[in-house]
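Q: Dropping a structure here in structure tokens format, bear with me for questions.
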Amino acid sequence: MFVSKSVDLKRFLHIIPILLLILAAYACAKIGSPYGGPKDETPPTLVSAKPPENTVNFEPKKKIVLQFDEYVQLKDILQELIISPPLEDRISATIKGKSVLIEFPDEAVFDSTTYTISFGNAISDFNEGNVLENYQYVFSLKDYIDTMNVEGTLVSAFDLKPDEDRMLVMLYSKLEDSIPLLEKPNYIARTDKTGKFSINRIETGNYRIFALKDGNLNNLYDLPNENIAFGDSIIELTPEKFRQDMIIQDSALADSLASQLHAADEPVSDSILSVPETGDSPAGDTTAVDSVAAPVHYIFRTELFFFAKDVYNQYLTDYERPRRELLSFTFNEEPLDSVDLYTVSQFPAQDEWYLLDASPKQDSLKFWITDSTLYRRDSLKVELYYPLLDSLGSTYFMSDTLQMNFREIEKTPSRGSKDTDAAEKESQVSLTVRNNITKSNAFDLNRKIILSSETPLADFIADSMSLFRKQDTLEFPVPIKCYRDTTSLYDIVVDFKPEEKTTYRFFAPDQVIRDIYGTLNDTLDIHFQTQSVDAYSTLLVTVNGVREPVILQLMSPKEEVRNERYLDQNGTERFEYLPPGKYMLKLIIDRNGNRKWDTGDYLLKVQPEKVLFFDQPVDLRANWEIEYVWDLKY
């Protein structure tokens, strides 16, 4: 049975206005943008600053309030926030609604000069994270704002790329070479993600410029492996040193020009002078105003190239005995001098008891034991002598006594072994010989066949090796030349003139290749097909303006070196049999003629060797021959 009851709605009418007020208040309290419409990509805009930007006669005990047009947030403030000149104590920055509050520590000591607070990428809007890049707040404890500025770019000397972690660029009024190692800078700034930097509102004077990737956050060059850069000469920031051919009377235009200079891709070697529309300038290098200083007037442009000094700190990283006959040692870097190995054993070894295989950088050493009385022993004790540097930089030899053990892996006889002769035959070891031919890819026309033994070679019978050109079911002999690769202990080179789109068969019977332990090869029977000529590209590079030895490198888009040539004069280099694709051209100015890129040394005042990149990508297509002309300017 259901009972029907009537509801008096009038009793609830007075509640509706209250509910509407609550909903409205909740909507107003939410920080955000309405749904729909284009995404907000605009960074916060500064509405006001108290005290105003460029305030003179500033009282450092004051709190600075920066108010923006929307709610903001601070990120990575400890890394991003920089005050220049630097203070001994860190300033603080906090958020209050749409404002950023800056406070100075009570014990902070200020000089009577102009200060710049740089926020880097710290300030962004609350909702979308749009960054207000490189905002700077300027104030002066004097009655004018200093007007000297240094701007430029800082990139790697090796590949001309900026440091992803962004580096510090510093100015020192003391000009001794040792100052970056001993004292903190007078002025400081951090590069942006493109490597650009700006040190603003600097006092007139002479300065040394230095850049640092500060590994221990103390603004000192005190770690030998820190990335650094330095200027070759002293920077003179005086009005007399600036060019007078560009004078701007409008201050707004001066700001615009400075911004364009900072964003320019091409380096600006000259400096720009801007003259304010009104006001006198004490000593000719600063601008006096009543309450707010005039904009930037002098800009010095420079380029810096960072590098890490070669610091010799060699040590043994690993040693092992992976085979009975092999002792292997690995160092963290190339030794300064030769490395010697001696046995510590009750059995005297032969005078020449090993064959040494060293990597190109000599940091990986393989000692192949040739004395059978030694390699048959499961345990060997050896002494390794290698060079080290003491604290004064002098070379001395370190001796390590090492126990080198080898444990034979027991092989289980195969099922069905019926007699001792069969088991012995099965246990006989053949020499493993690999090659550079792959069945899945056509053999390149500019390659040679390489046979590689897993142990050092003793000899081989070249006349027993054959190459045939196959046509249907017929085989035709092809002339070949077989010889040892003089740069390897393991390789045999089989040289021939391949024809395009042709099938070949290489054959070597068993027991024609022998290693230093008397082990012989099994039969090699290899079939392969060569590539088509139309599959390749040819590149010609004409280099003009060569004044000293240079290294021309052809690189992949990932900057892997595919080929390189050494030039000491103008000329054209021809690169053949190149796979189609995109390439890069790099050139190293080989100042010392050692055929490799060399880093710099600050204390010796040696800059890293200069590198250049061709200003356009090299696009190669199949069956094309293309030429590029590179006119060097450096």
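The values are calculated or read from the model by the stated rules, or taken from the named source; none is laboratory data. All of these numbers come straight from a predicted model, not from anything done at the bench. We place every Cβ from the backbone using ideal geometry, glycine too, and count neighbours over all the protein chains shown. Heads up: the accessible areas ignore ligands, DNA and RNA and are worked out on the full protein's heavy atoms, side chains in. Shrake-Rupley method; radii C 1.70, N 1.55, O 1.52, S 1.80 Å.
Q: Residues in region 170-189: is at least one at pLDDT below 95, in contact with a strand residue (DSSP E or B) (Cβ under 7 Å, 6 or more places away or on another chain) and among the aromatic types (Phe, Trp, Tyr)?
A: no
Q: Within region 24-46, is even one residue surrounded by 10 or more Cβ atoms within 10 Å (Cβ to Cβ), at pLDDT 85 or above and among the aliphatic types (A, V, I, L, M)?
A: For region 24-46, residues surrounded by 10 or more Cβ atoms within 10 Å (Cβ to Cβ), at pLDDT 85 or above and among the aliphatic types (A, V, I, L, M): present.
Q: Could you list, in sequence order, the residues of region 437-470 that are in a strand (DSSP E or B), under 40 Å from the mean Cα position of the chain (by Cα) and under 24 Å from Asp534 (Cα atoms)? Before you say what the answer is, go through the steps one by one.
A: Going residue by residue through region 437-470, those that are in a strand (DSSP E or B) are 443, 449-453, 457-460, 466-470.
Remaining after also requiring under 40 Å from the mean Cα position of the chain (by Cα): 443, 449-453, 457.
Scanning region 437-470 gives Phe443, Ile449.
Q: Mind checking which residues of region 215-231 are surrounded by 18 or more Cβ atoms within 10 Å (Cβ to Cβ) and either modelled with pLDDT of 95 or more or under 23 Å from Asn121 (Cα atoms) (or both)?
A: Answer for region 215-231, where residues must be surrounded by 18 or more Cβ atoms within 10 Å (Cβ to Cβ) and either modelled with pLDDT of 95 or more or under 23 Å from Asn121 (Cα atoms) (or both): Asn227, Ile228, Ala229, Phe230, Gly231.
Q: Restricting attention to region 310-318, does a residue exist that is under 30 Å from Ile209 (Cα atoms), open to solvent by 70 Å² or more (accessible area, probe 1.4 Å) and among the charged types (D, E, K, R)? Steps first, please.
A: We begin by selecting, within region 310-318, every residue under 30 Å from Ile209 (Cα atoms); these are 310-313.
Next cut, open to solvent by 70 Å² or more (accessible area, probe 1.4 Å) only: 310, 313.
Keeping just the survivors that are among the charged types (D, E, K, R) gives 310.
Within region 310-318, one or more residues are under 30 Å from Ile209 (Cα atoms), open to solvent by 70 Å² or more (accessible area, probe 1.4 Å) and among the charged types (D, E, K, R).
Q: In this structure, is Lys582 of a type in the set (Lys, Arg) and either without any contact (Cβ under 8 Å) to a residue 12 or more places away in the chain or in contact with a Pro (Cβ under 7 Å, 6 or more places away or on another chain) (or both)? Please lay out each step first, then the result.
A: Numbers: of a type in the set (Lys, Arg): yes; either without any contact (Cβ under 8 Å) to a residue 12 or more places away in the chain or in contact with a Pro (Cβ under 7 Å, 6 or more places away or on another chain) (or both): yes.
For Lys582, the condition - of a type in the set (Lys, Arg) and either without any contact (Cβ under 8 Å) to a residue 12 or more places away in the chain or in contact with a Pro (Cβ under 7 Å, 6 or more places away or on another chain) (or both) - is met.
Q: One residue is enough: does region 336-355 have a residue meeting the conditions modelled with pLDDT under 85 and within 35 Å of the chain's Cα centre (by Cα)?
A: Checking region 336-355: at least one residue is modelled with pLDDT under 85 and within 35 Å of the chain's Cα centre (by Cα).
Q: Of the conditions (1) part of a loop (DSSP other than H, G, I, E, B); (2) buried (at least 20 other Cβ atoms within 10 Å of the Cβ); (3) at pLDDT 95 or above, Ala211 satisfies every one except a single condition; which number is it?
A: So the condition that Ala211 fails would be (1).
Q: Here are Asp337, Asp363: which of them is of a type in the set (D, E, K, R) and open to solvent by less than 80 Å² (accessible area, probe 1.4 Å)? Spell out the reasoning first.
A: On the way: Asp337 fails: open to solvent by less than 80 Å² (accessible area, probe 1.4 Å).
Every option except Asp363 fails the conditions.
Q: A further question on this structure: Among the residues that make up region 68-79, is at least one of them closer than 23 Å to Asp146 by Cα and surrounded by fewer than 18 Cβ atoms within 10 Å (Cβ to Cβ)? Show your work before the answer.
A: Of the residues in region 68-79, the ones closer than 23 Å to Asp146 by Cα are none.
Scanning region 68-79 turns up no residue that is closer than 23 Å to Asp146 by Cα and surrounded by fewer than 18 Cβ atoms within 10 Å (Cβ to Cβ).
Q: Can you name the residue in region 569-598 that is more than 30 Å from Val533 (Cβ to Cβ) and among the aliphatic types (A, V, I, L, M) and is also surrounded by the fewest Cβ atoms within 10 Å (Cβ to Cβ) among such residues?
A: Checked region 569-598; the qualifying residue surrounded by the fewest Cβ atoms within 10 Å (Cβ to Cβ) is Ile589.
Q: For region 472-494, does any single residue satisfy the condition of being on the phi > 0 side of the Ramachandran plot and acidic (Asp, Glu)?
A: At the first step, the residues of region 472-494 found to be on the phi > 0 side of the Ramachandran plot are 472.
Of the ones still in play, those that are also acidic (Asp, Glu) are 472.
The answer is yes; a qualifying residue exists.
Q: Which condition number in (1) open to solvent by 80 Å² or more (accessible area, probe 1.4 Å); (2) out of contact with any Ser or Thr (no Cβ under 6 Å at 6 or more places or on another chain); (3) among the basic types (Lys, Arg) is the one that Lys501 fails?
A: Single failed check for Lys501: (2).
Q: May I pose another question? For the structure I just gave you, tell me whether Asn149 is open to solvent by 10 Å² or more (accessible area, probe 1.4 Å), at pLDDT below 95, touching a helix residue (DSSP H, G or I) at 6+ places or on another chain (Cβ under 8 Å) and under 25 Å from Phe210 (Cβ atoms).
A: Details: open to solvent by 10 Å² or more (accessible area, probe 1.4 Å): no; at pLDDT below 95: yes; touching a helix residue (DSSP H, G or I) at 6+ places or on another chain (Cβ under 8 Å): yes; under 25 Å from Phe210 (Cβ atoms): yes.
Judged against the criteria, Asn149 is not a match.
Q: Looking at region 599-632, which of its residues are free of Cβ contacts under 8 Å to residues at least 40 places away in the same chain, under 26 Å from Lys361 (Cβ atoms) and open to solvent by 30 Å² or more (accessible area, probe 1.4 Å)?
A: If the condition is that a residue be free of Cβ contacts under 8 Å to residues at least 40 places away in the same chain, under 26 Å from Lys361 (Cβ atoms) and open to solvent by 30 Å² or more (accessible area, probe 1.4 Å), then Leu604, Val606 are the ones that fit.
Q: Within the bounds of region 532-547, is there any residue that is more than 30 Å from Ile437 (Cβ to Cβ), hydroxyl-bearing (Ser, Thr, Tyr), within 30 Å of the chain's Cα centre (by Cα) and open to solvent by less than 30 Å² (accessible area, probe 1.4 Å)?
A: Yes, the conditions are met somewhere in region 532-547.
Q: Having 2 or more residues that are among the aliphatic types (A, V, I, L, M) is the bar; report the strands (runs of 3 or more DSSP E) wholly within region 40-155 that clear it.
A: Values: elements: 46-50, 64-68, 72-74, 82-84, 92-96, 99-103, 114-118, 123-125, 136-140, 144-146.
Correct list: 46-50, 64-68, 72-74, 82-84, 92-96, 99-103.
Q: Hey, another quick one. Filter region 471-485 down to the residues that are outside any strand (DSSP E or B), modelled with pLDDT of 95 or more and surrounded by fewer than 15 Cβ atoms within 10 Å (Cβ to Cβ) and list them by number. Step through it out loud before you land on a result.
A: Residues of region 471-485 that are outside any strand (DSSP E or B), as a first pass: 472-473, 478-480, 485.
Now restrict to residues that are modelled with pLDDT of 95 or more: 478-480, 485.
Correct list: Pro479 only.
Q: Looking only at region 107-141, filter to residues that are over 21 Å from Val72 (Cβ atoms) and in contact (Cβ under 8 Å) with a residue 40 or more places away in the chain; which one of those is farthest from the chain's Cα centre (by Cα)?
A: Keep residues of region 107-141 that are over 21 Å from Val72 (Cβ atoms), which gives 107-115, 140-141.
From what is left, the residues that are in contact (Cβ under 8 Å) with a residue 40 or more places away in the chain are 108, 110, 113-115, 140-141.
Numbers: Ala108: 38, Phe110: 38, Thr113: 38, Thr114: 36, Tyr115: 33, Ser140: 39, Leu141: 41 Å.
If we take residues in region 107-141 being over 21 Å from Val72 (Cβ atoms) and in contact (Cβ under 8 Å) with a residue 40 or more places away in the chain, then Leu141 is farthest from the chain's Cα centre (by Cα).
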